[in-house]
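A.B. asks: Have a look at this one.
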Amino acid sequence: GDRIVVKVGTSTLIRQNSKINLEVIKKLAHVLSTLKKDGKDVVLVSSGAIGVGMGVLGIDKRPIKISKQQAVAAVGQAELMQIYNEAFHEYGMSVAQMLITRDIIDYPESHTNVMNSFQELMSMDNAIPIVNENDTVTVSELDHHTKFGDNDQLSAIVTNLVDADLLIMLSDIDGFYSANPLKVPDAHLINSISKINPDIIAAAGGHGTKYGTGGMTTKLKAAELILKHNQQMVLTNGKNPDVIFNILSGDAVGTLFS
Ligand code: ADP
(Lines give C-alpha, C1' and ligand atoms only; values in the text may rest on other atoms or scores of the structure.)
Protein backbone atom coordinates (compact mmCIF):
# COMPACT_ATOMS: atom_id res chain seq x y z
CA GLY A 1 0.00 0.00 0.00
CA ASP A 2 0.91 3.67 -0.16
CA ARG A 3 0.23 4.49 3.44
CA ILE A 4 1.53 2.32 6.25
CA VAL A 5 1.64 2.40 10.01
CA VAL A 6 4.44 0.55 11.80
CA LYS A 7 4.18 -0.26 15.50
CA VAL A 8 7.31 -1.29 17.34
CA GLY A 9 7.03 -2.98 20.71
CA THR A 10 9.10 -2.53 23.83
CA SER A 11 10.40 -6.08 23.51
CA THR A 12 11.99 -5.12 20.17
CA LEU A 13 13.45 -1.82 21.37
CA ILE A 14 14.87 -2.84 24.73
CA ARG A 15 17.32 -5.67 25.21
CA GLN A 16 16.93 -8.08 28.13
CA ASN A 17 19.84 -6.29 29.83
CA SER A 18 17.81 -3.03 29.90
CA LYS A 19 19.92 -1.43 27.16
CA ILE A 20 18.20 0.19 24.25
CA ASN A 21 18.64 -1.69 20.97
CA LEU A 22 20.26 1.06 18.89
CA GLU A 23 20.88 -1.27 15.98
CA VAL A 24 17.15 -1.86 15.55
CA ILE A 25 16.37 1.85 15.80
CA LYS A 26 18.99 2.72 13.18
CA LYS A 27 17.67 0.09 10.80
CA LEU A 28 14.11 1.19 11.38
CA ALA A 29 15.14 4.76 10.57
CA HIS A 30 16.77 3.54 7.37
CA VAL A 31 13.77 1.48 6.24
CA LEU A 32 11.12 4.10 7.05
CA SER A 33 13.17 6.92 5.49
CA THR A 34 13.62 4.84 2.34
CA LEU A 35 9.87 4.23 2.09
CA LYS A 36 9.17 7.90 2.67
CA LYS A 37 11.62 8.85 -0.11
CA ASP A 38 9.82 6.34 -2.34
CA GLY A 39 6.67 8.41 -1.85
CA LYS A 40 4.92 6.33 0.78
CA ASP A 41 3.21 7.85 3.81
CA VAL A 42 4.69 6.43 6.96
CA VAL A 43 3.62 6.68 10.60
CA LEU A 44 5.57 5.04 13.42
CA VAL A 45 3.90 4.10 16.69
CA SER A 46 6.60 3.45 19.26
CA SER A 47 6.41 1.92 22.69
CA GLY A 48 9.41 1.84 24.95
CA ALA A 49 9.16 5.07 26.95
CA ILE A 50 8.94 3.28 30.30
CA GLY A 51 11.66 0.76 29.36
CA VAL A 52 14.01 3.51 28.18
CA GLY A 53 13.20 5.60 31.26
CA MET A 54 14.03 2.64 33.50
CA GLY A 55 17.43 2.35 31.81
CA VAL A 56 18.12 6.09 32.11
CA LEU A 57 17.11 6.21 35.77
CA GLY A 58 18.73 2.89 36.68
CA ILE A 59 15.51 1.20 37.78
CA ASP A 60 15.31 -2.55 37.10
CA LYS A 61 11.72 -3.35 38.00
CA ARG A 62 8.79 -1.78 36.22
CA PRO A 63 7.20 0.49 38.88
CA ILE A 64 3.81 -0.59 40.15
CA LYS A 65 2.63 2.86 41.15
CA ILE A 66 0.96 4.58 38.22
CA SER A 67 2.40 8.02 39.06
CA LYS A 68 5.88 6.49 39.14
CA GLN A 69 5.28 4.85 35.73
CA GLN A 70 4.17 8.21 34.37
CA ALA A 71 7.31 9.90 35.69
CA VAL A 72 9.58 7.18 34.29
CA ALA A 73 7.75 7.33 30.95
CA ALA A 74 8.21 11.11 30.80
CA VAL A 75 11.98 10.71 31.19
CA GLY A 76 12.10 7.81 28.74
CA GLN A 77 9.97 9.54 26.11
CA ALA A 78 12.39 12.47 25.86
CA GLU A 79 15.39 10.14 25.60
CA LEU A 80 13.66 7.90 23.06
CA MET A 81 12.70 10.80 20.79
CA GLN A 82 16.26 12.12 20.95
CA ILE A 83 17.54 8.73 19.82
CA TYR A 84 14.98 8.53 17.01
CA ASN A 85 15.72 12.08 15.90
CA GLU A 86 19.43 11.35 15.63
CA ALA A 87 18.80 8.09 13.78
CA PHE A 88 16.39 9.69 11.27
CA HIS A 89 18.65 12.73 10.74
CA GLU A 90 21.17 10.34 9.16
CA TYR A 91 18.66 10.01 6.32
CA GLY A 92 17.60 13.66 6.16
CA MET A 93 14.37 13.09 8.10
CA SER A 94 13.04 14.81 11.19
CA VAL A 95 10.69 13.21 13.65
CA ALA A 96 7.40 14.69 14.82
CA GLN A 97 6.28 13.75 18.32
CA MET A 98 2.57 12.94 18.51
CA LEU A 99 1.43 12.21 22.06
CA ILE A 100 -2.23 11.33 21.94
CA THR A 101 -5.00 10.17 24.23
CA ARG A 102 -8.40 8.58 23.94
CA ASP A 103 -9.86 12.06 23.53
CA ILE A 104 -9.27 11.62 19.82
CA ILE A 105 -12.07 9.08 19.79
CA ASP A 106 -14.36 10.68 22.32
CA TYR A 107 -14.20 14.30 21.18
CA PRO A 108 -14.87 15.15 17.53
CA GLU A 109 -12.79 18.31 17.76
CA SER A 110 -9.76 16.40 19.07
CA HIS A 111 -10.32 13.79 16.37
CA THR A 112 -10.31 16.46 13.67
CA ASN A 113 -7.24 18.17 15.12
CA VAL A 114 -5.21 14.97 15.19
CA MET A 115 -6.33 14.02 11.67
CA ASN A 116 -5.33 17.44 10.35
CA SER A 117 -1.93 17.21 12.03
CA PHE A 118 -1.33 13.77 10.51
CA GLN A 119 -2.37 15.00 7.07
CA GLU A 120 0.02 17.96 7.25
CA LEU A 121 2.90 15.85 8.49
CA MET A 122 2.36 13.16 5.88
CA SER A 123 2.32 15.77 3.13
CA MET A 124 5.85 16.85 4.09
CA ASP A 125 8.74 14.98 2.42
CA ASN A 126 11.02 14.95 5.41
CA ALA A 127 8.94 14.42 8.53
CA ILE A 128 8.08 11.11 10.21
CA PRO A 129 5.31 11.19 12.82
CA ILE A 130 6.15 9.10 15.88
CA VAL A 131 3.12 8.35 18.02
CA ASN A 132 2.84 7.29 21.63
CA GLU A 133 0.12 7.49 24.20
CA ASN A 134 0.38 10.56 26.43
CA ASP A 135 1.07 8.71 29.65
CA THR A 136 1.06 11.84 31.77
CA VAL A 137 -2.55 12.65 30.91
CA THR A 138 -4.06 9.19 30.79
CA VAL A 139 -5.02 8.09 34.24
CA SER A 140 -4.56 4.40 34.76
CA GLU A 141 -3.92 1.24 32.83
CA LEU A 142 -7.28 -0.04 33.99
CA ASP A 143 -9.20 3.13 33.37
CA HIS A 144 -10.40 2.45 29.86
CA HIS A 145 -12.25 5.70 29.70
CA THR A 146 -9.06 7.69 29.40
CA LYS A 147 -6.47 5.16 28.34
CA PHE A 148 -6.13 3.04 25.21
CA GLY A 149 -4.45 0.55 27.47
CA ASP A 150 -1.54 -0.11 25.20
CA ASN A 151 0.12 0.90 21.97
CA ASP A 152 -1.22 -2.17 20.14
CA GLN A 153 -4.76 -0.82 20.14
CA LEU A 154 -3.49 2.74 19.72
CA SER A 155 -1.68 1.71 16.54
CA ALA A 156 -4.87 0.16 15.16
CA ILE A 157 -6.81 3.32 15.96
CA VAL A 158 -4.17 5.41 14.19
CA THR A 159 -4.32 3.02 11.20
CA ASN A 160 -8.10 3.53 11.06
CA LEU A 161 -7.74 7.27 11.53
CA VAL A 162 -5.24 7.90 8.73
CA ASP A 163 -6.95 5.30 6.55
CA ALA A 164 -3.70 3.39 6.01
CA ASP A 165 -3.65 0.20 3.95
CA LEU A 166 -1.53 -1.77 6.35
CA LEU A 167 -0.42 -1.95 9.97
CA ILE A 168 2.90 -3.71 10.52
CA MET A 169 3.32 -4.79 14.13
CA LEU A 170 6.90 -5.58 15.11
CA SER A 171 7.35 -7.73 18.20
CA ASP A 172 9.88 -10.19 19.65
CA ILE A 173 8.14 -13.19 18.13
CA ASP A 174 7.76 -14.35 14.50
CA GLY A 175 3.97 -14.14 14.48
CA PHE A 176 0.85 -15.48 16.13
CA TYR A 177 1.20 -19.08 17.32
CA SER A 178 -1.35 -21.75 18.15
CA ALA A 179 -0.27 -21.24 21.79
CA ASN A 180 2.35 -19.21 23.67
CA PRO A 181 5.61 -20.80 22.43
CA LEU A 182 7.31 -20.00 25.73
CA LYS A 183 4.96 -22.44 27.40
CA VAL A 184 4.08 -24.81 24.57
CA PRO A 185 7.29 -25.63 22.66
CA ASP A 186 5.56 -27.37 19.75
CA ALA A 187 3.15 -24.50 19.09
CA HIS A 188 3.03 -23.61 15.37
CA LEU A 189 2.93 -20.29 13.58
CA ILE A 190 -0.42 -19.38 12.03
CA ASN A 191 0.20 -17.77 8.63
CA SER A 192 -3.08 -16.05 8.16
CA ILE A 193 -6.13 -15.14 10.24
CA SER A 194 -9.31 -13.67 8.84
CA LYS A 195 -11.50 -13.68 11.94
CA ILE A 196 -10.74 -13.30 15.64
CA ASN A 197 -12.80 -16.21 16.96
CA PRO A 198 -12.82 -17.65 20.51
CA ASP A 199 -10.21 -20.33 19.59
CA ILE A 200 -7.79 -17.64 18.49
CA ILE A 201 -8.42 -15.59 21.62
CA ALA A 202 -7.82 -18.69 23.75
CA ALA A 203 -4.45 -19.22 22.03
CA ALA A 204 -3.14 -15.85 23.28
CA GLY A 205 -1.16 -16.43 26.44
CA GLY A 206 0.52 -13.96 28.76
CA HIS A 207 3.39 -11.69 27.81
CA GLY A 208 6.93 -12.88 27.47
CA THR A 209 9.39 -10.30 28.76
CA LYS A 210 9.69 -8.02 31.73
CA TYR A 211 9.29 -5.05 29.41
CA GLY A 212 6.53 -6.10 27.05
CA THR A 213 3.10 -5.14 28.24
CA GLY A 214 0.12 -6.18 26.19
CA GLY A 215 1.16 -9.63 25.00
CA MET A 216 -1.02 -11.17 22.32
CA THR A 217 -4.38 -10.26 23.81
CA THR A 218 -4.05 -6.58 22.95
CA LYS A 219 -2.59 -7.48 19.53
CA LEU A 220 -5.73 -9.47 18.79
CA LYS A 221 -7.87 -6.54 19.88
CA ALA A 222 -5.88 -4.39 17.49
CA ALA A 223 -6.35 -6.95 14.72
CA GLU A 224 -10.09 -6.95 15.36
CA LEU A 225 -10.25 -3.19 14.79
CA ILE A 226 -8.18 -3.54 11.63
CA LEU A 227 -10.40 -6.27 10.21
CA LYS A 228 -13.52 -4.31 11.07
CA HIS A 229 -12.24 -1.48 8.84
CA ASN A 230 -11.23 -3.87 6.04
CA GLN A 231 -7.59 -3.05 6.57
CA GLN A 232 -4.66 -5.45 6.92
CA MET A 233 -2.21 -6.16 9.69
CA VAL A 234 1.00 -8.18 9.69
CA LEU A 235 2.46 -9.32 13.00
CA THR A 236 6.11 -10.32 12.79
CA ASN A 237 9.51 -10.21 14.44
CA GLY A 238 11.16 -6.79 14.50
CA LYS A 239 14.71 -7.94 15.19
CA ASN A 240 15.59 -7.01 11.62
CA PRO A 241 13.37 -4.14 10.44
CA ASP A 242 14.34 -4.91 6.81
CA VAL A 243 11.45 -7.36 7.09
CA ILE A 244 9.21 -4.35 6.32
CA PHE A 245 10.65 -4.34 2.76
CA ASN A 246 9.83 -8.04 2.42
CA ILE A 247 6.27 -7.52 3.58
CA LEU A 248 5.73 -4.63 1.16
CA SER A 249 7.10 -6.65 -1.72
CA GLY A 250 4.47 -9.27 -1.03
CA ASP A 251 6.46 -11.99 0.76
CA ALA A 252 4.53 -14.13 3.22
CA VAL A 253 6.03 -13.08 6.54
CA GLY A 254 4.71 -13.64 10.06
CA THR A 255 0.96 -13.67 10.53
CA LEU A 256 -1.29 -11.80 8.13
CA PHE A 257 -4.62 -10.57 9.49
CA SER A 258 -6.75 -9.91 6.45
P1 ADP B 1 5.64 -6.26 22.45
O2 ADP B 1 6.56 -5.60 23.43
O3 ADP B 1 6.26 -6.46 21.10
O4 ADP B 1 4.29 -5.61 22.38
P5 ADP B 1 4.76 -8.48 24.18
O6 ADP B 1 5.83 -8.99 25.12
O7 ADP B 1 3.69 -7.60 24.76
O8 ADP B 1 5.47 -7.77 22.94
O9 ADP B 1 4.06 -9.72 23.42
C10 ADP B 1 4.82 -10.67 22.74
C11 ADP B 1 4.84 -11.98 23.52
O12 ADP B 1 3.55 -12.57 23.57
C13 ADP B 1 5.68 -13.06 22.93
O14 ADP B 1 7.05 -12.92 23.23
C15 ADP B 1 5.10 -14.36 23.54
O16 ADP B 1 5.82 -14.76 24.67
C17 ADP B 1 3.71 -13.93 24.02
N18 ADP B 1 2.64 -14.78 23.48
C19 ADP B 1 1.58 -15.23 24.19
N20 ADP B 1 0.76 -15.99 23.44
C21 ADP B 1 1.28 -16.03 22.20
C22 ADP B 1 0.88 -16.65 20.96
N23 ADP B 1 -0.25 -17.39 20.84
N24 ADP B 1 1.66 -16.46 19.86
C25 ADP B 1 2.78 -15.70 19.94
N26 ADP B 1 3.22 -15.11 21.09
C27 ADP B 1 2.48 -15.27 22.22
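A.B. asks: Take residue 179 and residue 199, extend 7 Å from each Cα along the Cα→Cβ direction, and tell me the distance between the two endpoints in nm.
C.D. replies: For the pair residue 179/residue 199, the computed spacing is 1.5 nm.
A.B. asks: Could you point to the residue in 16, 216, 253 farthest towards the positive end of the chain's charge dipole, with +1 and -1 charges on the Cβ of Lys/Arg and Asp/Glu respectively?
C.D. replies: Going by the Cα projections, it comes out as 16.
A.B. asks: Is the C-alpha gyration tensor of segment 1-43 telling us rounded, prolate or oblate? Criteria: a/c under 1.5 is rounded; beyond that, a/b larger than b/c is prolate, otherwise oblate.
C.D. replies: Values: a/c = 5.47, a/b = 2.24, b/c = 2.45.
Here segment 1-43 falls in the oblate category.
A.B. asks: Moving to a separate point now. Beyond 16 Å, what share of the Cα-Cα pairs of segment 14-65 remains, rounded to the nearest whole percent? Please report the intermediate quantities before stating the final value.
C.D. replies: Working: 691 of 1326 pairs.
Of all Cα-Cα pairs in segment 14-65, 52 percent lie more than 16 Å apart.
A.B. asks: With equal scatterers on the alpha carbons only and no solvent term, can you work out the Debye log10 of I(q)/I(0) for the chain at 0.11, 0.15 1/Å?
C.D. replies: Summing over Cα pairs of the chain leads to -0.55, -1.09.
A.B. asks: If you take the Cα Rg of segment 80-196 and divide it by 2.2 N^0.38 Å, with N the number of residues, what do you get?
C.D. replies: Values: Rg = 17.1 Å, N = 117, 2.2 N^0.38 = 13.4 Å.
Compared with the compact-globule rule of thumb, segment 80-196 sits at 1.27.
A.B. asks: Evaluate the relative contact order of the chain (contact order divided by residue number), counting alpha-carbon pairs under 8 angstrom at least 6 apart; express in whole percent.
C.D. replies: Result for the chain is 23 percent.
A.B. asks: Going by accessible area, probe 1.4 Å, with all protein chains left in place, what is the ranking of 155, 194, largest first? Don't jump to the answer; show the numbers that get you there.
C.D. replies: Working: 155 0, 194 85 Å².
From most exposed to least exposed: 194, 155.
A.B. asks: When a/c is below 1.5 the answer is rounded, else prolate if a/b is larger than b/c, else oblate, so apply that to segment 26-117 with a ≥ b ≥ c taken from the square roots of the Cα gyration tensor eigenvalues. Intermediate values should be presented prior to the final figure.
C.D. replies: Details: a/c = 2.97, a/b = 1.19, b/c = 2.48.
Cα axes put segment 26-117 in the oblate bin.
A.B. asks: How large is ³J(HN,Hα), in whole Hz, for each residue of segment 40-45 in order, when computed from phi with the Karplus curve 6.51 cos²θ - 1.76 cosθ + 1.60 and θ = phi - 60°, using x for Gly and Pro?
C.D. replies: 8, 8, 10, 10, 10, 10
A.B. asks: For the chain, what is the charge dipole size about the Cα centre, in debye to the nearest 20, if Lys and Arg each add +1 at the Cβ and Asp and Glu each add -1 at the Cβ? Spell out each step's value before the answer.
C.D. replies: Numbers: 22 positive and 28 negative charges, 139 e Å.
For this selection, approximately 660 debye.
A.B. asks: Could you grab the relative contact order for segment 1-116? Cα pairs under 8 Å, six or more apart, rounded to a whole percent.
C.D. replies: On the way: 131 pairs, mean separation 27.8, N = 116.
Relative contact order, segment 1-116: 24 percent.
A.B. asks: Give the ranking of 41, 172, 152 by solvent-accessible surface, highest area first, calculated with a 1.4 Å probe. Display every interim value, and only then the final one.
C.D. replies: Numbers: 41 35, 172 75, 152 5 Å².
So, going from the largest accessible area down, we get 172, 41, 152.
A.B. asks: Roll a 1.4 Å probe over the protein chains and send me the accessible area per residue for the chain in Å².
C.D. replies: Details: 12020 Å² over 258 residues.
I get 47 Å² per residue for the chain.
A.B. asks: While we're looking at this one, here's another question. Mind computing the radius of gyration and Dmax over the alpha-carbon atoms of segment 1-154? Å is fine for both.
C.D. replies: 15.5, 44
The values are calculated or read from the model by the stated rules, or taken from the named source; none is laboratory data. All values derive from a computational prediction rather than experimental measurement. Virtual Cβ from ideal backbone geometry, glycine too; neighbours counted across all protein chains shown. Just the protein is used for accessible areas: all its heavy atoms, side chains included, with ligands, DNA and RNA removed. Shrake-Rupley method; radii C 1.70, N 1.55, O 1.52, S 1.80 Å.
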